[in-house]
Amino acid sequence: MAIVERLVDLILWPPLFYYIIFPGLIFVMIFEIFLIWSERKIAGRVQMRYGPLEIAPRLAGAPQLLADLIRYALQEVIIPRTVDKLPFVIAPIAAFVIALMPLIVTPFSPTFLPVTTEGSILIAAALTTIPPLLLILAGWASNNKFSLVGSARESFLIATYEIIILLVIASMSFLYGTLDFLKAVEVQQALLWGILLNPIAAITYFVAVMMGTSRFPFEIAEAESEIVMGAFTEYSGIMFGLAMGISYARMFVYNIIFVLLFLGGWSPLGGIVTGNYILDSIILPGASVAIKAVLISLLMVFTRAVYGRYRIDHALKGGWGFWFIMALVSIGLSAAVVYLMEVF
Amino acid sequence: MAETTPGPRYSERSIEERMGLLDKAKMHAKALSLGMLRLARPQRITLRYPMERPVLSEGYRGMIVLNNDKCIGCSLCARVCPAAAMKMFNAAPKKLRPVINYERCIFCGYCVDICPVEALYHVPVHDLVFENRDDMVFDLETFTKEPEEPEHVRKVKVVIDEEKGLRYVPVDSE
């Protein structure tokens, strides 16, 4: 029994629990499976179809994604002879890991976070900008025309959406007067949710994240009908599974940031006090943040059913011509709100 | 002149000139709200084919079956067959009978049309499965037997609905 206790201790050891289980790897995997399944079901429902159904019709085809995962896991990973092997192998793995890295500073409750720092918003924003670079690396290393076109498109898009996202985050931290998620959530609990304080910033962030994580109508970098899988055309097996999961993992992380900055973090459930430490500090606030993030993600995948795909120049025009200006306007709005708070 | 000649079917002006920001926002809202409506009230027109099958119409050109008692062995079916799928053979001395090769058959129905004694007829089955290609060449015994309907199949009738598009009304099989 001592071994079992040691194992339980090890699993509940906060850093391990944080990285591997709750907001970390396993939770993100379950989230991705649920999200891809619901994306297919939503698109099917809206487009007069059923979506995945054949495997277990009573569960609405839910095990389909598990079957896909098993297939990816068991498939042979083919590394073509013409690729640059080291970056080819490193790129998707590193991109997936780094896509999850911002979770080290995103708190799920006032006490449940591994790294406490003054500049957590800054660190999270900085870490979210790295995975697209590895996507470009993957396309470059693949030595394939589709991959190259995909990475070229991604590199065009990065310059657009990263600036918008960073400007919006800057405007929100300007509004809260802090670079710390904890204090940002405290300000929202004391005052109002960020989405009501600065709605322009919220909408701009939402659209920029859709652009960044290749959701429709900005699914330009991995446009399946034009350039097979974008930068990840040459991948197969579990590497392809990882590559497909990168955009969903990034969307999850971006939506956690969205919840913390705009939707009041652990606001509704986090205030309940039951007396049980684990329930109070992890489960209730964590569930409230995670549920909000999942709902925002569902809203993001819903657009697949409605929109077509923008051409790259349309997306860039919209990004630079409208949403960039909206990001600047949101900074102005933040300044106005800060001024009003000073006055009253 | 402008009144008499119709303009081009597409607008030559770009979308930016045609629509202001507000119009675009309205269009986005319209598209998203329609999507939400369909999400709340789905209008599925998928027919889950192997489990439910539509009732086929009269005169559907499905598999061809021979009525051996009526056949007079005139060989017209084999002559008219454009894909050379029908072949005559001697079932007994001076008794010619057709057999069919479904690798070649194109389901045109000429043999059924030309048969002077109506010994050949279509059955409303079109999706038999064969384990190998030799099974697709029928002999007299399989050619005279009607293919069996698979079990556990819901029969539905396709109805064109003005609101929904297509609707499938279940029909009691027997």
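The values are calculated or read from the model by the stated rules, or taken from the named source; none is laboratory data. Remember, predicted model here, so these are calculated numbers, not experimental data. Here Cβ is always computed from backbone atoms with ideal geometry, including for glycine, and neighbour counts include all displayed protein chains. When the accessible area is computed, the model is the full protein with side chains, heavy atoms only, and any ligands, DNA or RNA have been set aside. Shrake-Rupley method; radii C 1.70, N 1.55, O 1.52, S 1.80 Å.
Scanning segment A:201-228 for residues that are open to solvent by 10 Å² or more (accessible area, probe 1.4 Å), outside any loop (DSSP other than H, G, I, E, B) and farther than 17 Å from A:A159 by Cβ returns A:I203, A:F206.
Scanning segment A:261-304 for residues that are free of Cβ contacts under 8 Å to residues at least 24 places away in the same chain and hydroxyl-bearing (S, T, Y) returns A:T274, A:Y277, A:S288.
For segment A:1-39, how many residues meet the condition of being surrounded by 13 or more Cβ atoms within 10 Å (Cβ to Cβ) and not in a helix (DSSP H, G or I)? Looking only at that region, the number is 3. Can you confirm whether segment A:328-344 contains a residue that is within 14 Å of chain B (Cβ to nearest Cβ) and at pLDDT 90 or above? The answer is yes, given that some residue of segment A:328-344 is within 14 Å of chain B (Cβ to nearest Cβ) and at pLDDT 90 or above. Can you find even one residue in segment A:280-298 that is within 12 Å of chain B (Cβ to nearest Cβ) and either surrounded by 13 or more Cβ atoms within 10 Å (Cβ to Cβ) or among the basic types (K, R) (or both)? Yes; the residues of segment A:280-298 include at least one that is within 12 Å of chain B (Cβ to nearest Cβ) and either surrounded by 13 or more Cβ atoms within 10 Å (Cβ to Cβ) or among the basic types (K, R) (or both).
With respect to A:Y277, is the statement that it is over 19 Å from A:Q189 (Cβ atoms), among the aromatic types (F, W, Y) and within 14 Å of chain B (Cβ to nearest Cβ) true? First the steps, then the outcome.
Values: over 19 Å from A:Q189 (Cβ atoms): yes; among the aromatic types (F, W, Y): yes; within 14 Å of chain B (Cβ to nearest Cβ): no.
Spelling it out, it is not the case that A:Y277 is over 19 Å from A:Q189 (Cβ atoms), among the aromatic types (F, W, Y) and within 14 Å of chain B (Cβ to nearest Cβ).
Just one of (1) under 30 Å from A:L261 (Cα atoms); (2) open to solvent by 40 Å² or more (accessible area, probe 1.4 Å); (3) in contact with a helix residue (DSSP H, G or I) (Cβ under 9 Å, 6 or more places away or on another chain) fails for A:V89. It is (1). Answer yes or no: is there a residue in segment A:175-183 that is out of contact with any strand residue (DSSP E or B) (no Cβ under 9 Å at 6 or more places or on another chain), within 30 Å of A:I312 (Cβ to Cβ), open to solvent by less than 30 Å² (accessible area, probe 1.4 Å) and hydrophobic (A, V, I, L, M, F, W, C). No - not one qualifying residue is present in segment A:175-183.
The set of residues from segment B:65-94 being surrounded by 13 or more Cβ atoms within 10 Å (Cβ to Cβ), without any contact (Cβ under 8 Å) to a residue 24 or more places away in the chain and in a loop (DSSP other than H, G, I, E, B) comprises B:S75, B:A85. Please verify whether segment A:318-326 includes one or more residues that are aliphatic (A, V, I, L, M) and either closer than 30 Å to A:V77 by Cβ or modelled with pLDDT of 85 or more (or both). Scanning segment A:318-326, I find at least one residue that is aliphatic (A, V, I, L, M) and either closer than 30 Å to A:V77 by Cβ or modelled with pLDDT of 85 or more (or both), so the answer is yes.
Restricting attention to segment A:42-64, the residues being within 10 Å of chain B (Cβ to nearest Cβ), of a type in the set (K, R) and assigned to a helix (DSSP H, G or I) number 1.
Taking the criterion of being among the aliphatic types (A, V, I, L, M) and open to solvent by less than 10 Å² (accessible area, probe 1.4 Å), the only residue of segment A:104-115 that qualifies is A:V105.
Can you tell me which residues in segment A:312-344 are loosely packed, with under 12 Cβ neighbours inside 10 Å and either basic (K, R) or not in a helix (DSSP H, G or I) (or both)? Hit for segment A:312-344 is A:F344, nothing else.
Applying the condition of being more than 8 Å from chain A (Cβ to nearest Cβ) and assigned to a helix (DSSP H, G or I) to segment B:37-58 and asking which residue is surrounded by the most Cβ atoms within 10 Å (Cβ to Cβ) yields B:L37. Among residues that are touching a helix residue (DSSP H, G or I) at 6+ places or on another chain (Cβ under 6 Å), farther than 19 Å from A:Y18 by Cα and open to solvent by less than 50 Å² (accessible area, probe 1.4 Å), A:G119 is not included.
Answer yes or no as to whether B:G62 is in contact with a His (Cβ under 6 Å, 6 or more places away or on another chain), surrounded by 12 or more Cβ atoms within 10 Å (Cβ to Cβ) and over 30 Å from B:Q43 (Cβ atoms). For B:G62, the condition - in contact with a His (Cβ under 6 Å, 6 or more places away or on another chain), surrounded by 12 or more Cβ atoms within 10 Å (Cβ to Cβ) and over 30 Å from B:Q43 (Cβ atoms) - is met.
Residue check: A:F96 meets all listed conditions (1) within 21 Å of the chain's Cα centre (by Cα); (2) part of a loop (DSSP other than H, G, I, E, B); (3) not aliphatic (A, V, I, L, M) but one, namely (2).
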